[in-house]
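Data block below; observations after.
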Amino acid sequence: MTLFDVYPLNNITITKAQGSYVWDENGVQYLDMYGGHAVISIGHTHPHWVRRIEEQLEKIAFYSNSVVIPIQQQLAEKLGKVSGKEDYQLFLCNSGAEANENALKLASFYTGKKKIVAFSKSFHGRTSLAVAATDNPSIVAPVNEIENIIFLPFNDEQALINCFNKQGKEIAAVIIEGIQGVGGINIASESFLKLIRTLCDEHNAVYIADSVQCGYGRSGMFFSHDYAGVNADIYSMAKGMGNGFPIGGILIAPHIQPKYGMLGTTFGGNHLACAAALAVLEVIEEEKLIDVAKQRGMYLLNRLKAIDGLKNVRGKGLMIGFDVPEELKDLKKKLLFDYNIFTGEAKPNVIRLLPSLAISRKQVDEFLEALQEAINEIRREKNVEVSDTTNA
Ligand SMILES: Cc1ncc(COP(=O)(O)O)c(C=O)c1O
């Protein structure tokens, strides 16, 4: 049997990981500025996380949601405390797409309405409603094409006002990433998020904060939407929540009431996933990782802004992007294969940095030094090419 070939792979096999480093099968060490796609929040194989999972595994790994699972309640309490949303309710699932799928479905149940407002360059996952609300036709199958999604330009306040004026009665939810990840690190303005809050209140629509990538402390606040001083009705979460152990969830505001059977899942909230997620929150608290993300992020952002050649450096906390000009288009590849540094990307020309929130200042400096050297080297190679051609 072969694997279904849907991923364009780097030809690297990682066999070991610790903190902000990973090693390949030949023992080569790589600095991980990508965090396995924003997933590694507290650092690879953090000892507390490993221990908690091991201890849980010895007791019980799984039982279905037909019995009381006290570790779910422990997780809900800790999450309420660390996120500051203590009066919210928690529904657990397994991934980011599933979290958004449940958020959108719940918004429709709650309002009795059908239309969803989403934004240009959004990414909300690959399940049916989540992908329909994702602005990338190439991953939307014909069966997922529905008429209930309204796409508006990101950060365009007048377009949002016009839309609510026209269709407010039909709108169940607005779904928005506080900082777009896959779209290329685009920050929702605070006034735009405030406007979403106001319009949702006026029109009985649900404000869904997709925090799958920009959440869980990565932005330097627990949720990036917190910068705007607004509370969403539903926050979706995954990625950093389990530090690599698959878990997702939604935080649901108190006015949205549950009903038996309304949502459900077999694996969501299993003992093992909850142990992993609890360990993550304990480490975030203990090591003050949200503050670390804010400080390190600010340092990294400012140093990047000073590097000649990088354009439009932007981001919050440890969710940072910059545009790579045509002359440096091989930068990402060069960082990986010549300097052994993983970074993320967004098409067509953005490098995304999504390291562990526990990355050290020394590791950030190591990255910056390599980045500068890689840029210098590309320029030297280009100049050599130019003078070669001239000589010819
Ligand atoms: C903002 C956002 N929402 C949802 C998802 C989907 O998450 P998952 O891949 O866990 O289904 C992603 C994944 O990259 C994401 O970045």
Beta bridge orientation in the chain: antiparallel %, DSSP, nearest 5: 65
Long-range HN-HN contacts of GLU345 with modeled amide H, under 5 Å: ARG352
Residue (of GLY178, SER189, ALA103) at the positive-pole extreme of the stretch 47-286, dipole from beta-carbon charges: ALA103
Ranking of THR265, THR13 by count of other Cβ atoms within 10 Å, fewest first: THR13, THR265
Expected 222 nm ellipticity per residue - DSSP helices of 4 or more, -39500 (n - 2.57), all of the chain, to 500: -12000 deg cm²/dmol
Over the chain, relative contact order from alpha-carbon pairs under 8 Å, at least 6 apart, %: 22
Whole-Å semi-axes of the ellipsoid equivalent to the stretch 1-126 (Cα gyration tensor, √5λ, descending): 32, 24, 16
Convex hull of the stretch 141-195 built on C-alpha atoms - directionally averaged projected area, nm²: 4.7
20 Å-binned pair-distance histogram of the chain (Cα, whole percent): 27, 56, 16, 1
Equivalent ellipsoid dimensions for the stretch 79-151 as semi-axes, Å, which come from the Cα gyration tensor, largest first: 25, 14, 11
Residues TRP49, TRP23, sorted so that the one with the fewest Cβ neighbours within 10 Å comes first: TRP23, TRP49
Simple Cβ-charge dipole of the chain, Lys/Arg +1 and Asp/Glu -1, about Cα centre, in debye nearest 20: 620
Long-range HN-HN contacts of LYS114 with modeled amide H, under 5 Å: ALA172
Over 20 Å [Cα-Cα, the stretch 141-233], rounded percent: 36
Descending Cα extents along the principal axes, the stretch 239-377, whole Å: 60, 33, 30
Fewest-first sequence of LYS305, LYS239 by Cβ atoms within 10 Å of each Cβ: LYS305, LYS239
Exposed GluC sites (Glu not before Pro) absent: longest stretch of the chain, with sites in DSSP loops and at most 14 other Cβ within 10 Å deemed exposed: 148-392
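Readers should treat all values here as calculations from the given coordinates under stated rules, not as data from a laboratory. None of these values were measured; they are calculated from a predicted model. Positions of Cβ are backbone-derived with ideal geometry, glycine not excepted, and every protein chain shown enters the neighbour counts.
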